[in-house]
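Structure first, then comments.
The values are calculated or read from the model by the stated rules, or taken from the named source; none is laboratory data. Values in this document were obtained by computation on a predicted structure and should not be read as measured data. All Cβ positions, even for glycine, are placed from backbone atoms using ideal geometry, and neighbour counts span all protein chains on display. For accessibility, only protein heavy atoms count, side chains too; no ligands or nucleic acids. Shrake-Rupley method; radii C 1.70, N 1.55, O 1.52, S 1.80 Å.
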Amino acid sequence: MPPLDRRTFLHLAGGAGLAAALPSALAAEGGDLAKAKAEGRAVFYANITAVEPVVAAFTAETGVKGEYTRISSSKFVSTVVTEAQAGKLLADVVQAPLPVLELLREKGILAPYRSPAAAGFPDWSRPDDSIQMFGIEYVSYLYNKTQVKDADAPKRYEDLADAKWKNRIVMADPASHASTISWLVGLKEKVFASENDWMTFVKGLAANRPMFVASFGPTPAPIESGEKAIGISMPKYIVTKAPAPLAWGPRGGQPLLGTPRAMAITAKAPHPAAARVFMDFWLSPKAAGMLAKDVGEYVLTPGVFPPIDGIHAAKVLPIRDLDDAEIQKWGAQFKQIFKG
Amino acid sequence: MNDRSARLTYGLIAIVGALTVAPVAMLAFGSFTAGLDAFGHFTLAKYVAAYTDPALLKVLGNTVIFVVGSTLLATVLALVLAYLNTRTDIPGKFLFGVLAIVPMMIPHVLFSVAWALLANPSNGLINRALMDAFALDSAPFDIYSLSGMILVEGLLNMPIAYLIIAPAMASFDVSLEESSRVFGAGTWRTLLRITLPVLRPAILAAFVLGIVRSLASYAVPRVLGMPGRVEVLATYLFEMISVGFAPDYGKAAALGMSALATSIVLIWVYRSLTSEGGRFVTISSRGWRPTVVPLGRMRMPLFALVTLLSFIVIVLPVAVLAYTSFVPYSMVPSMQAFAQMSWRHWTEVFADATSLLALRNSVFLAVVGATVGVVLSIFVAYVIVKLRTRGAALLESLTYLSFSFPGIVIGVGFMWFFVHTPLYATLTALLVGYIATYLPYGVRPLASAFVQVHAHLEESSLVCGASRMTTMRRIIVPLLIPGVVAAWILMATMFLRELTLSVVLSRPGSEVLAVQILGFADDGLWGKLSALGIVMIAISTALVLLASLVGRWFASGAKARLEANA
Amino acid sequence: MEIRVEGLTKHYVAEGRTVKALDRVDLTIPANRIFTLLGPSGCGKTTLLRCIVGLETPDDGEIRIGNEVVWSRARGVAVPTEKRGLGMVFQTYAIWPHMSVFDNVAYPLQVRGVDRATIAKKVAAALQFVQLVGLDRRSATRLSGGQQQRVALARALVAEPKVILFDEPLSNLDAKLREETRKELKRFLGELDITAVYVTHDRVEALALSDSIAVMRAGSIVEIGSPQKIYFHADHRFVADFIGRANLIPATVRGQADGLTMIDCALGAFACAPRELPPGSEATLCLRPEFLHLHEGATRPGHNVVTGRIESLAFVGEVYEAEIRAADLLLLARTGPDTALREGDTVSLAVEPEHCLLVSA
Ligand SMILES: Nc1ncnc2c1ncn2[C@@H]1O[C@H](COP(=O)(O)OP(=O)(O)O)[C@@H](O)[C@H]1O
Ligand SMILES: [Mg+2]
């Protein structure tokens, strides 16, 4: 079923009062909220950052205390699995890149839940009955507006391989940074016409000797300060780092790619009702609005966009999720190309 | 009495062992286990995979250069500074205390980032200035290089070396040098043939600690090595555990085992080099002639050098931090940048409930953790240096166990361990983890302080009928005050900025400063990160001042008692 | 070599107070003698010694060793310690803990660039001299106190300096060893043609060892002389008091008679060893306990005799020490271990005029 149809269907269904037929009916929510208040709090493990205001809004609105712990994606699986095996998983709700949650689901750590708040989301955002995607960790190139004139700015991905950017690019290490690896692979599958074209691009990028950093976090600073002109980074920094002179590309119709951000409730959640209430809130237009506006996140909530010039017109696509073996294989290959 | 020494030794072995063996054992299990955690089917595959990578050789070569280079730099700098401060008439001695301590208070990530800002080849401030001044076409410095990494890591590790060497230097029996001069040796020859060899235990201790520390260090390789494409063990391990979403810590642990083995071997070598019990006893209870070596014509040039060093090590990075906390985003200093300065990052940090909680937790961990850690360290150092019972060597190695494991892996070992205890996800878990991991910061300065306490001093007190405990309390501890203060400062400032364990162990309610700072770093929020970093430095400063004052107060009391007894 | 010190002044500032450690000291130390600086702790002996070796810089004055001026404020001369060519034994011995006995002793020669064969020969000789043969490979800290002291001595002697200085070298030894070592030291030094400057606060050591003694007080030299002169014929009350047990009684000079000096004091009239003092001047009568002869019963007529009562009698080993109350004074006297006297007995005390010493008031 094409997404649009599904969405329309859900709208219709809601409008026709068919909501009661869905797995978690809105009718039950009143009961959940009371139970959640009795449970007192909802614990949220997430790799997404700077979401304290959203968690605070949850507490304010529901009266259930939201507690947020940030766990980086490289430690996410090991932390959650360790805790779960010892019967001490503290989290009620977990949020991480899709592949992480799929690993956790395979280990039986996630519970099925379908939030009514995600009714308007695209169909592909629900790969199974427990995982719900809500955003895309969109990646693209950023450049310094004051250093690079609009006319000179790279218009297409291919332009990054232009020799004029030699020694002027910063990016996360393509040998190890999973999101960057996935992004490069995503370009092959979703942007470039042929594997050859893509390989030419990758080799051209490598020939520009980009400066490597450990993750996306350190990428904007060198662009802002002018140490480098261009970075493979996340457009959300245009929001969080305003008024830094950052601009994004490509604006010529090529899509932006990213790993889906997903969330789920844990199977043995210490506060199950609070977990559901939290997830409902997180997926609500209000929370999505905050994520987009304050954190610059790209959310799947229809009609909500981060306040970045031109982003509403951009095509933002989820990258096919690569398993670890594939990421490692590509990582090794990029290591060859970029550092060999 | 021998019985009691043995009981003390084994008691401590049990305590320290419980603290440090558990996480390492977990990692050892993990390295032999198929799957992602500590228990499962036995396999050697991880070792095979970890050690057969052809790239490893290059990495190891870089690692050796990095580790030895930075440790040499740190030790030599510390020696020179300690000598200038304690033994010469150089002016501005207050600088030395500051110089020795400030780098410990600056989170290493921030220090490295500050250096990247100063000396990156594209637009580093120092490079820019030099290029403008001398009309150069290319940047004279590249901080993203092995030598840049050695410089920064060396500066960062210098305080540890200084805090170990300076007390030994200060309590050095000057008549050893004076006699050398009477017999015809000049200042230089005396330095080389008498002073340095007599200080060998402290110097070696500083060196070994430096090696172990820089082997496990991650911040500098990450911030400076990665852009320079210089891979060392720490970044190699990071790559190993960060490719993909289900990293195999067991494999990283398999590699970490050789870092551990290296450290253990070093410690044994160190022990055997300094094993002759009474050899390096130098303090004499009446040695109060702090004769000062006149520097003569070298006085001002050396002072200028120290000032320059202070500028590089303290002023520049702190200034960079302060600057970054006021500008809206990373910008090269300019009129435009100064015009845009505001308190925005500061108000945001102070409005953030988690940051405030993290602040409280970190201060608690620093004060309580360092205090408990120092008490434990006093006993451990006493057994290692003074009792030298059969278990002492084992005890000493145990103190280094989790310390010498690469930081990014040991945290996971602790998690695997704590999750089986009720301590999991509590502040106490952090406390225990900190003390276990950084025990050498307490034991090392105290051990070199103990070495300086003449056996006769103890014996005379024992003869006076005091019990061993009383001896410890009345005679030894007061003489150890400089060591105690050094140990406390090292531990407290370390705990205040601890990241590697915290990032794995902290949970809602047990957030700490460094984790908060890392969060900001991951979001590229350098402004907030700098603001919080400065808060952290301010707290560290307060703790250090407090410790020094308390130490001075105790020391003057102890001196009065000694004189009354004499 | 002779050492001459002129107008040497040194002060310290410690905790806000100024201490005059040396106050215009003038001193000539004769060549090839054992010369002792004696005085209570803190009187400036070490400071003087350290100024001579050059470990301390004086404020003012001049120091000559032999014919060479090694330090002079007026002439702006300051020969550094290592160029003065001296030998010294430190109070703590300052044996280098990281070296063997051999290396410790060889050091002064190595520093002077002497060749290996000569070093081996001279070290062997020095060790032989101090009777440490066979210990040369031993780690220097694995020695007893007495052995360490001898290593320090060997090291000080090995380069055959013309002057050797000692700063309380025996104070770290126990009583018996101290006595033996003192005798040995005297023998060693007697066999060498060397100027020895010896610092101590122990009067017995000073008396037993020295050719001459300089007594110091509060940064100045009070009196210089042979041990006998210092002990029996001190000029100063301080010296007489410091050098041995003494009964010190204020006295007034009456005049000279029969080659003796006549005085009055609380004990009555005394004839004393002659001293050029004008009649009517104030002086102090110094009576050493060992020269007070005790007799049972009251006074028999005669010069220099007093009657008193034994207040206490204490056996201290070789002798009894008696405290005798006479004319409101408590006098210390000695009597043989075979005495029949008891506490409470009335006794007469007699003392020969030549043992009645008049010192400054
Ligand atoms: N380095 C110093 N600093 C301050 N005062 C000192 C120092 N050395 C010695 N003094 C003071 O100088 C005086 C003489 O000391 P010293 O020569 O060591 O005496 P002695 O050796 O006769 O016992 C003492 O009052 C002592 O306290
Ligand atoms: Mg003295």
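If C:F129 meets every condition in (1) more than 10 Å from chain B (Cβ to nearest Cβ); (2) modelled with pLDDT of 85 or more apart from one, which number is that one? Of (1) more than 10 Å from chain B (Cβ to nearest Cβ); (2) modelled with pLDDT of 85 or more, only one is false for C:F129: (2). Going residue by residue through region C:185-198, is there one that turns out to be within 16 Å of ligand 1 (Cβ to nearest atom), surrounded by 19 or more Cβ atoms within 10 Å (Cβ to Cβ), modelled with pLDDT of 90 or more and more than 14 Å from every other protein chain (Cβ to nearest Cβ)? Checking region C:185-198: at least one residue is within 16 Å of ligand 1 (Cβ to nearest atom), surrounded by 19 or more Cβ atoms within 10 Å (Cβ to Cβ), modelled with pLDDT of 90 or more and more than 14 Å from every other protein chain (Cβ to nearest Cβ). When you scan region C:1-59, how many residues do you find that are polar (S, T, N, Q), within 14 Å of another protein chain (Cβ to nearest Cβ) and within 16 Å of ligand 2 (Cβ to nearest atom)? Residues meeting the conditions: 3.
Only residues that are part of a helix (DSSP H, G or I) and open to solvent by less than 50 Å² (accessible area, probe 1.4 Å): list them for region B:105-125, please. I'd like the intermediate steps shown before the answer.
Taking region B:105-125 and keeping what is part of a helix (DSSP H, G or I), we get B:105, B:108-119, B:125.
Once the filter is applied, which keeps residues that are part of a helix (DSSP H, G or I) and open to solvent by less than 50 Å² (accessible area, probe 1.4 Å), region B:105-125 yields B:M105, B:H108, B:V109, B:L110, B:F111, B:S112, B:V113, B:A114, B:W115, B:A116, B:L118, B:A119.
Every condition in (1) closer than 20 Å to C:L189 by Cβ; (2) at pLDDT below 90 holds for C:I52 except the one numbered (2).
Could you please tell me which pairs satisfy a Cβ distance under 6 Å, a separation of 6+ or placement on different chains, a first residue in region A:135-149 that is over 20 Å from A:E227 (Cβ atoms), and a second residue that is surrounded by fewer than 21 Cβ atoms within 10 Å (Cβ to Cβ)? Qualifying pairs under 6 Å: A:I136/A:V316; A:Y138/A:V316.
When residues in region A:77-89 are screened for being at pLDDT 90 or above and in a loop (DSSP other than H, G, I, E, B), 1 of them pass.
Can you find a residue in region A:103-124 that is in contact (Cβ under 8 Å) with a residue 60 or more places away in the chain, within 13 Å of chain B (Cβ to nearest Cβ), aliphatic (A, V, I, L, M) and outside any loop (DSSP other than H, G, I, E, B)? The answer is yes; a qualifying residue exists. Only residues that are surrounded by fewer than 20 Cβ atoms within 10 Å (Cβ to Cβ) and without any contact (Cβ under 8 Å) to a residue 40 or more places away in the chain were counted across region C:295-319, and they come to 11. The single residue among C:A314, C:A257 that is farther than 22 Å from C:F238 by Cα, within 29 Å of the chain's Cα centre (by Cα) and not hydroxyl-bearing (S, T, Y) turns out to be C:A314. As a summary of the residue check, C:T36 satisfies the conditions (1) modelled with pLDDT of 90 or more; (2) within 16 Å of ligand 1 (Cβ to nearest atom); (3) over 27 Å from C:L153 (Cα atoms) except for the one numbered (3). Across region C:278-294, the number of residues qualifying as under 23 Å from C:A340 (Cβ atoms) and surrounded by fewer than 14 Cβ atoms within 10 Å (Cβ to Cβ) comes to 0. Residues in region C:221-243 that are assigned to a strand (DSSP E or B) and open to solvent by less than 60 Å² (accessible area, probe 1.4 Å): C:I221, C:V222, C:E223, C:G225. Pairing each residue of region B:409-424 that is away from chain A (no Cβ under 11 Å) with any residue that is in a loop (DSSP other than H, G, I, E, B) and open to solvent by 20 Å² or more (accessible area, probe 1.4 Å), provided the two are 6+ apart or on different chains, yields C-beta distances under 8 Å for B:I410/B:T500. Out of region B:320-341, which residues are open to solvent by 50 Å² or more (accessible area, probe 1.4 Å) and either within 17 Å of B:V152 (Cα to Cα) or not in a helix (DSSP H, G or I) (or both)? Correct list: B:P333, B:Q340, B:M341.
Among the residues of region A:181-205, those identified as touching a Phe, Trp or Tyr at 6+ places or on another chain (Cβ under 7 Å) and within 14 Å of chain B (Cβ to nearest Cβ) are A:I181, A:L184, A:V185. Taking region B:507-543 as the range and being surrounded by fewer than 24 Cβ atoms within 10 Å (Cβ to Cβ) and part of a loop (DSSP other than H, G, I, E, B) as the test, the residues that pass are B:R507, B:P508, B:G509, B:S510, B:D523.
Every residue, every condition in (1) open to solvent by less than 40 Å² (accessible area, probe 1.4 Å); (2) at pLDDT 95 or above; (3) assigned by TED's automatic domain parsing to the domain that holds A:D324, yes or no:
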| site | (1), (2), (3) |
| --- | --- |
| A:K236 | yes, no, yes |
| A:K241 | yes, no, yes |
| A:P245 | yes, no, yes |
| A:G252 | no, no, yes |
| A:T266 | yes, yes, no |
| A:A269 | yes, no, no |
| A:P285 | no, no, no |
| A:L291 | yes, no, no |
| A:D294 | no, no, no |
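Among the residues of this structure, C:K45 counts as one that is within 16 Å of ligand 1 (Cβ to nearest atom), in the same structural domain as C:L207 (by TED's automatic domain parsing) and either open to solvent by less than 10 Å² (accessible area, probe 1.4 Å) or within 17 Å of the chain's Cα centre (by Cα) (or both).
So, in region C:132-154, exactly how many residues are outside any helix (DSSP H, G or I) and within 12 Å of another protein chain (Cβ to nearest Cβ)? Total meeting the criteria: 6.
Criterion first (touching a helix residue (DSSP H, G or I) at 6+ places or on another chain (Cβ under 9 Å), more than 7 Å from chain B (Cβ to nearest Cβ) and crowded, with 21+ Cβ neighbours inside 10 Å) does A:V94 satisfy it?
So A:V94 passes the test.
Every condition in (1) assigned to a helix (DSSP H, G or I); (2) open to solvent by less than 30 Å² (accessible area, probe 1.4 Å); (3) within 18 Å of B:L110 (Cβ to Cβ) is met by B:S377 except one, and the failing one is (3).
In this structure, B:L233 does satisfy being at pLDDT 85 or above and buried (at least 19 other Cβ atoms within 10 Å of the Cβ).
The number of residues in region B:236-264 being more than 9 Å from chain A (Cβ to nearest Cβ), open to solvent by less than 30 Å² (accessible area, probe 1.4 Å) and under 17 Å from B:L44 (Cβ atoms) comes to 6. Looking across region C:199-212 at every residue that is in contact with a Phe, Trp or Tyr (Cβ under 9 Å, 6 or more places away or on another chain) and more than 16 Å from ligand 2 (Cβ to nearest atom), the one that is farthest from the other protein chains (Cβ to nearest Cβ) is identified as C:L207.
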